[in-house]
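These notes concern the structure reproduced below.
The values are calculated or read from the model by the stated rules, or taken from the named source; none is laboratory data. Computed from a prediction, not measured in an experiment: that's the story for all the values here. Here the Cβ is made from the backbone with ideal geometry for all residues, glycine too, and neighbour counts use every protein chain on show.
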């Protein structure tokens, strides 16, 4: 249990929604950053896109969120439950978004 005033871990244990994609990009098919040595793996994240100040974040749980890199392109998805495919830059807690899919809203079943 967490004591008041303590910070939550920066990144939770992987869940099925944050596991690397089952179709990873084959080695050598994308450029790697010379500084990083190797590009981060492509992963899938599920959550709700929220606008905070001038940027967008993916709210995964009550304590976990990630910044998103495609601000203007994500505007139509604000407030929607989505599945994002992209790579996580852990150093700055930023998902480099490759694909966004809108998911059905679990709180409002179809009538």
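Rundown of residues vs (1) over 15 Å from residue 101 (Cα atoms); (2) surrounded by fewer than 16 Cβ atoms within 10 Å (Cβ to Cβ); (3) modelled with pLDDT under 95, yes/no style:
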| position | (1), (2), (3) |
| --- | --- |
| 4 | yes, yes, yes |
| 10 | yes, yes, yes |
| 24 | yes, yes, yes |
| 39 | yes, yes, yes |
| 46 | no, no, no |
| 58 | no, no, no |
| 64 | yes, no, yes |
| 83 | no, yes, no |
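Summed over the stretch 40-70, residues that are in contact with a strand residue (DSSP E or B) (Cβ under 9 Å, 6 or more places away or on another chain), farther than 22 Å from residue 105 by Cα and not in a strand (DSSP E or B) total 4.
Considering the stretch 71-81, the residues that are under 27 Å from residue 38 (Cβ atoms) and in contact with a strand residue (DSSP E or B) (Cβ under 7 Å, 6 or more places away or on another chain) include one that is surrounded by the fewest Cβ atoms within 10 Å (Cβ to Cβ), namely 71.
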